[in-house]
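Peer 1: Encoded as structure tokens, here's the structure I'll be asking about.
The values are calculated or read from the model by the stated rules, or taken from the named source; none is laboratory data. If you're wondering where the values come from, they're calculated on a predicted model, not measured in any experiment. Counting neighbours? That spans all protein chains shown, and the Cβs are built from the backbone with ideal geometry, glycine included. These area figures cover heavy atoms from the full protein model, side chains too; ligands, DNA and RNA do not enter into them. Shrake-Rupley method; radii C 1.70, N 1.55, O 1.52, S 1.80 Å.
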Amino acid sequence: LFVEPGKKVYIGYYSKGDSSARDFRIESFQGQKLTHLLKADRAEWQDSTKKWRLYDYETRSFEDSLRETFHIGLGQQLDTALNVDPSDFVDYSGQQSMMSTVALVRHLHKQKIRGSGNFRKYSLELHRRTAEPLTIFILTIIGMVIAARKVRGGIGLHLAVGIGLGAAYIFLSKFASTFALGSNLPTWLG
């Protein structure tokens, strides 16, 4: 995740139970050049201080292409403040459908800036919220046009066509959203 411009945080594994992370790494950049690297075997979220406590850490600073400062904190701990908290690593199933549209837009913007890989489902949900009311309106107009036509044989055929159009819409909608989540189709099209 990009936590701020020029600073990335990598986590190999996160445990929701105790809010700890393994293979924790913070990289600081200046332009395209790596200037500082902080690695830790384990990191734990300290709820009281709202900081990450790093255990068995090592730091590297790169002043220029020839000089490097290296420090190993084996058996030591280091508290660090980052713009990341445990809720950034927990993604509940169906979380996007529980958010309000304003919260969804904010969350989507934050995930895009951070370079998170799970923003597609949020983007799809935002586009779905826009498209479904319009689609329901269009299907209602089509249904009214079909139902308004009077024929001698009754309304059975018209009813079947209306139900068939609704079923086809639902089928194609689910099909397209599955492809959009799998990154084969743009989310706005899905």
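Peer 1: Can you tell me how many residues in the range 134-190 are outside any helix (DSSP H, G or I), open to solvent by 100 Å² or more (accessible area, probe 1.4 Å) and more than 30 Å from Lys121 (Cβ to Cβ)?
Peer 2: Summing the residues that are outside any helix (DSSP H, G or I), open to solvent by 100 Å² or more (accessible area, probe 1.4 Å) and more than 30 Å from Lys121 (Cβ to Cβ) in the range 134-190 gives 4.
Peer 1: Taking into account only those residues within the range 42-82 that are open to solvent by 90 Å² or more (accessible area, probe 1.4 Å) and over 16 Å from Asp18 (Cβ atoms), which is nearest to the chain's Cα centre (by Cα)?
Peer 2: So, considering only residues that are open to solvent by 90 Å² or more (accessible area, probe 1.4 Å) and over 16 Å from Asp18 (Cβ atoms), the one nearest to the chain's Cα centre (by Cα) is Lys50.
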